[in-house]
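The structure under discussion appears below in the form of structure tokens.
The values are calculated or read from the model by the stated rules, or taken from the named source; none is laboratory data. Because the structure is a prediction, the values reported are computed rather than measured. Neighbour counts run over all protein chains shown; Cβ positions are idealised from the backbone, glycine included.
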């Protein structure tokens, strides 16, 4: 039989080869000492050639000496034993009449002792670590005096100094011999197996720790869908107090039948097809009556040959998420109702409220035109106040409609040249610029994805305010420019992935404001100045903020009283490809 070097064999294969060799050598020695004729097995190494002069191998003499001078047949077979023993990768010794008569080279390496020290040794326990000596002595005693002629145990061989012990599997066999007590010992080095077992045990312990402490249900099932492992979270789902209560049982013993049948169908799909079930939302009713939702995945378990031997399942409790989803759906429905009500209001405002105002304005103007001369100054003043009040109400209604339509009548995003938009707005403001002697400087402005009409509304409000809130004695000077940057979208928070953004600046030399009112200026109907000083509804900046927020950006301002103001708008360059309502 061909024996590969130990380092080229997998550990289980090596130990199997060593065990076969050990049994053959024990049988050879037993036949040798009993005087049987040699019967070498197929594949045994041939005995050393004695030569024409009939020379005898030194190993033969060692065996003969150890055996007490056996007859020629025994010596011949002893020669075979010696050749096998000296070249065997397993440790071997021969014990006769209270001492070691023979020790092979492999045993010398295992014990890390020279052979001449081992041969003649009277106390075999010296070779064994102190903690394992009782087990070794019991094994030797069982082989010497027990009803069976063979005994074995696993011990550690003590090394010199601080050397690591060698784990061995030792077999002791009693061989009948008329000349005295004979024991044959074979030792198989199982250190690597022990190391692998310890490593595997450590890995199992680590994996078990992870399984038991992860905040998800983890379980294993066999091909009959019986539980073979459950972690504490799954134990709570099953309503058991320990893993032992769940092992060997199926879902039918824990859940309502309809629910268990659904679980079983998924299990059988995995077990029969090998196709995993991934991210399946399942509603469960636990044995204690509580219910919840699990996000479940199941994958097949295969042995080394690829055969499916079970499945592994993991279930994440998503009950809170589902409840949050339900609340979100309720809020969405409520928001939809509010939007419909807002649209209804917008319809009423644009038709039913506007029509009486238009009549008030028209008739007040006709009264002024036809009867102003016949009215006293006080009457003309009343008519003018009535007309201005109606116009303010009309402006307010129009601004409210604009505010409500930022989201309800928004258009899809498309590439918009902001420079062109600003130039169009400036053209619309030309009359005011001429009237005040003002100017607007336009820097390089980019193309971004946006709603073009809302971008026009945004800059119309910002530039209009810059011209409106000017110093009486100084012509307005306004500058518009932009700077690129890379960062998280304002509407997604600071932890979101960075993306291209653009920051727009609108700076004026107007009256400015105290920054303690910064939050107030972007709210509806909030004014820092009286209506008599500056016209307007107080909704313009609220509309601007709503437009910016709809585009996923933000708006702020920097100012000091009398030092002008700079409005800063940050907008994403690109928008998600989602249809806007």
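Of all residues in the range 165-197, those that are in a loop (DSSP other than H, G, I, E, B) and within 20 Å of residue 134 (Cα to Cα) total 2. A residue that is within 30 Å of residue 212 (Cβ to Cβ) and exposed (fewer than 12 other Cβ atoms within 10 Å of the Cβ) occurs somewhere in the range 312-335. Of all residue pairs spaced 6 or more apart or on separate chains, none has beta-carbon atoms under 6 Å together with a first member in the range 471-496 that is over 29 Å from residue 512 (Cα atoms) and a second member that is surrounded by 10 or more Cβ atoms within 10 Å (Cβ to Cβ) and modelled with pLDDT under 85. Contact map, the range 193-214: first residue more than 18 Å from residue 154 (Cα to Cα), second residue at pLDDT 95 or above, Cβ cut-off under 7 Å, separation 6 or more or different chains; pairs are 211/218; 211/231; 212/231; 212/232. Flag set for residue 289, criterion: out of contact with any strand residue (DSSP E or B) (no Cβ under 6 Å at 6 or more places or on another chain), in a loop (DSSP other than H, G, I, E, B) and modelled with pLDDT under 95. Here residue 126 clears all of (1) more than 52 Å from the chain's Cα centre (by Cα); (2) at pLDDT 90 or above except the condition numbered (2). If you go through the range 82-131 and pick out every residue that is over 22 Å from residue 176 (Cβ atoms), in contact (Cβ under 8 Å) with a residue 60 or more places away in the chain and assigned to a loop (DSSP other than H, G, I, E, B), you end up with 3. Only residues that are modelled with pLDDT of 70 or more and buried (at least 16 other Cβ atoms within 10 Å of the Cβ) were counted across the range 397-416, and they come to 4.
Conditions (1) at pLDDT below 95; (2) within 30 Å of residue 251 (Cα to Cα), marked per residue:
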| site | (1), (2) |
| --- | --- |
| 144 | yes, no |
| 166 | yes, no |
| 186 | yes, no |
| 210 | yes, yes |
| 228 | no, yes |
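The set of residues from the range 457-469 being part of a helix (DSSP H, G or I) and buried (at least 18 other Cβ atoms within 10 Å of the Cβ) comprises 457, 458, 459, 460, 461, 462, 463, 465, 466, 467, 468.
If you go through the range 246-286 and keep only what is closer than 13 Å to residue 221 by Cα and either touching a helix residue (DSSP H, G or I) at 6+ places or on another chain (Cβ under 6 Å) or at pLDDT below 95 (or both), you end up with 246, 251, 263. Of 273, 250, 285, 225, which residue is at positive phi and either surrounded by fewer than 19 Cβ atoms within 10 Å (Cβ to Cβ) or more than 21 Å from the chain's Cα centre (by Cα) (or both)? Being at positive phi and either surrounded by fewer than 19 Cβ atoms within 10 Å (Cβ to Cβ) or more than 21 Å from the chain's Cα centre (by Cα) (or both) holds for just one of 273, 250, 285, 225, which is 225.
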